[in-house]
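Reviewing the structure listed below.
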Amino acid sequence: MKQYKILLTSFSLFCMSVVFGQIAVTNTQTPNQLVQNVLIGAGVTASNITFNTTTANANAIQPSAGYFNANGTAFPLYAGVVLSTGNVTALPGVASAFASQDLSGGSDPDLAAIEPAGIHDAAVLEFDFVATGDSVRFNYIFGSEEYPEFVNSGYNDAFGFFLSGPGIAGPYANGAINIALVPGTSTPVTIDNVNSGSNSAYYQDNSTNPFGTTTVLDAFTTVLAAEAQIQCGQTYHIKIAIGDAGDGIYDSAVFLEANSFSSDMVQVAVATVSGDTTVVEGCTTADLMFIRPANQINDSLVINYTISGTAQDGVDFPALPNPITFVPGVDTVILTIDPIADGIPDNMEYITITVQTVTVCGDTITSTGTLYISDSVNIDINEPDPTVYCINDSVEAVVSATGGTAPYVYTWSTGVVNDTAYLSTVTGSMTGVIDYYVTATDACNYSNTDTVTVTLNQTLQVDTTISYPSSACNPTGAVSAFVSGQTGAPYYHWTGPGNPGSFNIDATVMQNIPPGWYYFTVVDDVCNASDSVYVDVENPPIANLSANINYGCAPLTVTFTNSSQNTNTYYWDFGNGNSYNVNDLSSQTETFLSGSTVMLVAFADPTCSDTAYVNIGVDPCGCTDPNATNYNSIATIDDGSCVYPTPVVTAPNVFTPNGDNDNDLFVLSHINTVDIQLVIVNRWGNVMYEGSGPNPVWDGKEGNNEAVEGTYFYKFIATGYSGEEVTGHGFVELIRD
């Protein structure tokens, strides 16, 4: 209906800046309290409240009934009562989470009439009520985990608002009718009746809109209204019921808007960004909403209201229009109150808006809304003062602020801007205090600074460590640690380069260990402490050799020098088949025909040695050019010894370019050449042909014209493989017949 679309728009305006929170759900109130304190609005009184058919249940906290608060979220209903087929506390979260709990609850005959597949885990809230007007209505949202996978699959989770009383005759128990219907139809709202393919205008996928950050349910209906015409002053009965269909898992829930169960009246509501009824001068605003009954929406309505309180209209806030007028088709009129920052410290002021409505039954109903205006804000910071009994890199500190206007910005003296900071506990001492400062600034730019004190109180410490050197080849070293301040019976542990099995000792001393770094840890009943120590080596054997030449042509003769230290016997392996032991540092000379790795093992004693290596590169050398007369096919390095043959060129003395393919070209015969330059001239010295290359040829033409018969002079320069040049000249006779 149009009127509810307008109301939702007004709520979306003041929730716009905080659309990503989760709803809060508690079940600390009994069903009786939820009806009387939360659900019932003006013009209605309730009695005889039962839950799952008994008064006792209505006066005891129920896991499937609770209170929800959606202030600061995108959820369209700001607060109210929620009934679930599982535990209501599982409903807050994000759409990717999941709520599915089988409470082993029973059925309900009216729900079973809607869905004959069988009802489980029914949550049924019932009460009698008397209205001062001739109609009753309330707003609700239905959501479920059955969406969208189990639509039309036999799991048609259902709910209903079954109304009975004077003038009502319906198909359900006690002649009740179901007023939880798809708008404009007689179709009950269920999983199968409202989804993406059926009545989709009233369906909202929770994974593709801001709702997805508010609750775990996979999909919702839009905000719907349950309403009916009744008789003034008569007693009616309503049963609000919801149940799982087919089985007891995959929870569904119905959300009933707070104070919306009301009769004919003009309601006054105050909405602020913070969700409470307080605004701050010069910072936040409030929407004052006048909402009239649905049965009056087609008429014009003029409402006079009164303003009372300590804040003055037109002084502490811009003057409000009075009266207000509802035009046909409009159910909600919104006035925005924007308090003026006057700089006058007037503590907390307030205004109260009062509207009186006379119902068609002649009763007068009064509705009020109160707004508090603050000119300053005292921000309180809730901060920890952690005590650290074991020094580590940092300790987590989480702060929160109250008293101002959310959201808050937290700035730490360490430069961190977050409500959580990791405060360093590394100082020059393991005992004492470190002070850190955090400032909380609210949306109105009010701020406060508080101190977070980290107390350091570690008594356990490693006072000192001592090491004793080890032989390089035999584990003869030792380490020792001295510990103080331990609480209880401490445990000691060493790690290092020795045999891991040797570390399984609970002692401050470890012996017979090789050289290297060793790490010591002590753990007592409160904390742990660590230190490290290095075990040095005593005169280790050092093998060292060098070669006077490392690379050359075969055969290659190399002299090796032994400059080893702290050793007395030596083993040489030259990698060419020769190896032997010596007892001194004498040089060694070897000849190599191919590459080799030479190894020297230097011994301090038979069980303690060091090894050094040197690589010798040997290649066959010779002439690597195949054109040379002394080409060596196995040589890999050219030693510059190549010898090349002299170019030889001979020329014909006659040729016949007559097209018979026999002696048609003047061609030089040649061997051992890489290039020839050839010039042909006639008897007057005119150049007939000039060319160069591996084999220049004259075809007997001067350009494109045939040369005349006669004698021609040729000259050539031939270049050999080594660059040697041979020249020659002579005469050739050109004959065409």
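Tally up the residues in the range 93-125 that are buried (at least 20 other Cβ atoms within 10 Å of the Cβ) and modelled with pLDDT of 85 or more, please.
7
Tell me, which residue of the range 123-136 that is touching a helix residue (DSSP H, G or I) at 6+ places or on another chain (Cβ under 6 Å) and not aromatic (F, W, Y) is nearest to I238 (Cα to Cα)?
Filtering the range 123-136 down to residues touching a helix residue (DSSP H, G or I) at 6+ places or on another chain (Cβ under 6 Å) leaves 125, 127, 135.
Next, only the ones that are not aromatic (F, W, Y) stay: 125, 135.
Numbers: L125: 8, S135: 13 Å.
Per the stated criteria, the residue is L125.
Taking the range 174-210 on its own, how many of its residues are exposed (fewer than 14 other Cβ atoms within 10 Å of the Cβ), over 37 Å from the mean Cα position of the chain (by Cα) and touching a residue at least 40 places away in the same chain (Cβ under 8 Å)?
Qualifying residue count for the region: 1.
Which count do you get for residues in the range 690-718 that are surrounded by fewer than 12 Cβ atoms within 10 Å (Cβ to Cβ) and either of a type in the set (S, T, Y) or over 17 Å from L734 (Cα atoms) (or both)?
2
Would you call G577 over 30 Å from S467 (Cα atoms) and not in a strand (DSSP E or B)?
It is true that G577 is over 30 Å from S467 (Cα atoms) and not in a strand (DSSP E or B).
Residues that are hydrophobic (A, V, I, L, M, F, W, C): find the strands (runs of 3 or more DSSP E) completely inside the range 646-737 holding 3 or more of those.
675-681, 710-719, 725-734
Can you tell me which of D664, D639, D584, D605 is surrounded by fewer than 17 Cβ atoms within 10 Å (Cβ to Cβ), in contact with a Gly (Cβ under 8 Å, 6 or more places away or on another chain), over 30 Å from E706 (Cα atoms) and of a type in the set (D, E, K, R)?
Just a single option satisfies the conditions, and that option is D639.
Only strands (runs of 3 or more DSSP E) wholly contained in the range 173-260 count here; list those with 3 or more residues that are modelled with pLDDT of 90 or more.
Per the criteria, 235-245, 252-257.
What number of residues in the range 510-545 are touching a Leu at 6+ places or on another chain (Cβ under 8 Å) and part of a strand (DSSP E or B)?
4
Starting from the range 120-136, keep only residues that are on the phi > 0 side of the Ramachandran plot, then list their pairs with residues that are in a strand (DSSP E or B) and modelled with pLDDT under 85 whose Cβ atoms are within a distance under 6 Å, requiring at least 6 positions of separation or different chains.
Pairs that qualify, where the first residue is on the phi > 0 side of the Ramachandran plot and the partner is in a strand (DSSP E or B) and modelled with pLDDT under 85, are D121/D244.
If the Cβ limit is 7 Å and pairs must be 6+ apart or interchain, which residue in the range 147-169 that is over 12 Å from I238 (Cα atoms) pairs with which residue that is surrounded by fewer than 12 Cβ atoms within 10 Å (Cβ to Cβ) and of a type in the set (A, V, I, L, M, F, W, C)?
Between residues of the range 147-169 that are over 12 Å from I238 (Cα atoms) and residues that are surrounded by fewer than 12 Cβ atoms within 10 Å (Cβ to Cβ) and of a type in the set (A, V, I, L, M, F, W, C), there is no close pair.
For I549, only one of the following conditions fails: (1) in contact with a Phe, Trp or Tyr (Cβ under 8 Å, 6 or more places away or on another chain); (2) part of a loop (DSSP other than H, G, I, E, B); (3) not aromatic (F, W, Y). What is its number?
All conditions are met except number (1).
So that you can scan it fast, the table gives a plain yes or no per residue for (1) β-branched (V, I, T); (2) touching a Gly at 6+ places or on another chain (Cβ under 6 Å); (3) assigned by TED's automatic domain parsing to the domain that holds N474:
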site	(1), (2), (3)
Y519	no, no, yes
C527	no, no, yes
T557	yes, no, no
D573	no, no, no
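Need pairs with beta-carbon distance below 8 Å; first residue among the polar types (S, T, N, Q) and within the range 481-500, second surrounded by fewer than 13 Cβ atoms within 10 Å (Cβ to Cβ); sequence gap 6+ or separate chains.
Taking only residues 6 or more apart or on different chains, the pairs are S484/D463; T487/D525.
Can you pull out every residue in the range 43-73 that is of a type in the set (A, V, I, L, M, F, W, C), outside any helix (DSSP H, G or I) and surrounded by fewer than 21 Cβ atoms within 10 Å (Cβ to Cβ)?
Matches in the range 43-73: A46, A60, I61.
Per-residue answers, yes or no, for (1) touching a Ser or Thr at 6+ places or on another chain (Cβ under 7 Å); (2) under 30 Å from G197 (Cα atoms); (3) among the hydroxyl-bearing types (S, T, Y):
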site	(1), (2), (3)
I119	yes, yes, no
A123	yes, yes, no
F142	yes, yes, no
E146	yes, yes, no
N152	no, yes, no
F161	no, yes, no
A169	no, no, no
I179	no, yes, no
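Mind checking which residues of the range 672-715 are more than 18 Å from T650 (Cβ to Cβ) and among the β-branched types (V, I, T)?
V681, V687, V708, T711
Give the residues of the range 342-385 that are at pLDDT below 70 and charged (D, E, K, R), sorted by residue number.
D346, D363
For the range 582-601, check the following and say yes or no: at least one residue is without any contact (Cβ under 8 Å) to a residue 60 or more places away in the chain, of a type in the set (D, E) and in contact with a Phe, Trp or Tyr (Cβ under 7 Å, 6 or more places away or on another chain).
yes
Of all the residues that make up the range 460-502, how many are surrounded by 16 or more Cβ atoms within 10 Å (Cβ to Cβ), among the hydroxyl-bearing types (S, T, Y) and either not in a loop (DSSP other than H, G, I, E, B) or not assigned by TED's automatic domain parsing to the domain that holds V533 (or both)?
6
The values are calculated or read from the model by the stated rules, or taken from the named source; none is laboratory data. Remember, predicted model here, so these are calculated numbers, not experimental data. Note that each Cβ is placed from the backbone with ideal geometry, even for glycine, and that neighbours are counted across all protein chains shown.
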